[in-house]
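Here's the structure we're looking at; comments come further down.
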Amino acid sequence: MMVLALKGVTANVTTIDLRRKPEFFVKSYAGVKLPCLVHNGKAIDDIIDIEAHIEKYFPDPLLMVLDDHGALKAGEKVFQKFSGWIRNRDPAAEERLRNLLAEELHRLDSFLGSSKKIPGQYLAGNEFTMPDCILLPKLHQLRVALRFFKDYEIPQNLVNLQSYLRSADLNEVFSKTCCDDSEILEGWSKHVGDPKKAQMILKAQKR
């Protein structure tokens, strides 16, 4: 959605209930994972492939940077470590998994403050590029889900990362294309260490 917004491309959004898939979806898109992009009769369900497809067919403005000075790899393991921690069901592994995530966040913070990064408030300058479109939605899921399920906040002493997120939050392209917090929490509630407890907490908050 960030990529589409940056390119000024309008898309029709169809929400699918996976428990009761509509007939048109079952007939035309059997086996397709969600989310997916349907363009020119073709369904694409890999996020990276979706972004590449949009970049190819709607090239203005170009979001890929030929030499991004490492921006595309910045924070590449953060989501993996976040997912490993939030899915954990072994209390003995909690601290270790939390620390693994903290290490990756620190690496990302170091990149954002390094001299090798392209100067600017975002990963590769003062405008959003593809690396931002890949990383920021993951960071947003992380901070929303961990705040709720783990009482964890991204450390304030990671000043470069905090500045990056503040700049993104002030940019309407990011803020208006983020998933609602409730959608993020609902999605992750099925995967946390105690899914039943998570669902009970969510239902209680909605009352």
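The values are calculated or read from the model by the stated rules, or taken from the named source; none is laboratory data. None of the values given here were measured: they were computed from a predicted structure. Don't worry about glycine lacking a Cβ; one is built from the backbone with ideal geometry, like all the others, and counts go over all protein chains shown. Calculation scope for accessible area: heavy atoms of the full protein, side chains included, ligands and nucleic acids excluded. Shrake-Rupley method; radii C 1.70, N 1.55, O 1.52, S 1.80 Å.
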Y57 vs. criteria of a type outside the set (D, E, K, R), closer than 19 Å to M1 by Cα and out of contact with any helix residue (DSSP H, G or I) (no Cβ under 6 Å at 6 or more places or on another chain): yes
So D181, is it among the charged types (D, E, K, R), touching a residue at least 12 places away in the same chain (Cβ under 8 Å), open to solvent by less than 60 Å² (accessible area, probe 1.4 Å) and closer than 18 Å to M2 by Cα: no
Counted residues, segment 145-178 - those being open to solvent by 10 Å² or more (accessible area, probe 1.4 Å) and not in a loop (DSSP other than H, G, I, E, B): 13
For E186: the one exception among (1) without any contact (Cβ under 8 Å) to a residue 24 or more places away in the chain; (2) open to solvent by 60 Å² or more (accessible area, probe 1.4 Å); (3) in a helix (DSSP H, G or I): (2)
Residue match in segment 14-29 (condition: touching a residue at least 24 places away in the same chain (Cβ under 8 Å) and not β-branched (V, I, T)): no
Number of the exception - N126 against (1) within 17 Å of V78 (Cβ to Cβ); (2) touching a Gly at 6+ places or on another chain (Cβ under 6 Å): (1)
Contacts under 6 angstrom Cβ, first residue in segment 43-65 being under 20 Å from L123 (Cα atoms), partner of a type in the set (G, A, S), 6 or more apart: V65/A124
Given (1) at pLDDT 95 or above; (2) more than 18 Å from the chain's Cα centre (by Cα), number of the condition A43 does not satisfy: (1)
Within segment 66-79, tally of residues that are in contact (Cβ under 8 Å) with a residue 12 or more places away in the chain and not hydrophobic (A, V, I, L, M, F, W, C): 5
Any hit, segment 192-206, residues being more than 13 Å from the chain's Cα centre (by Cα), closer than 16 Å to L139 by Cβ and surrounded by 12 or more Cβ atoms within 10 Å (Cβ to Cβ): no
Residue match in segment 116-129 (condition: aliphatic (A, V, I, L, M), part of a helix (DSSP H, G or I) and open to solvent by less than 20 Å² (accessible area, probe 1.4 Å)): no
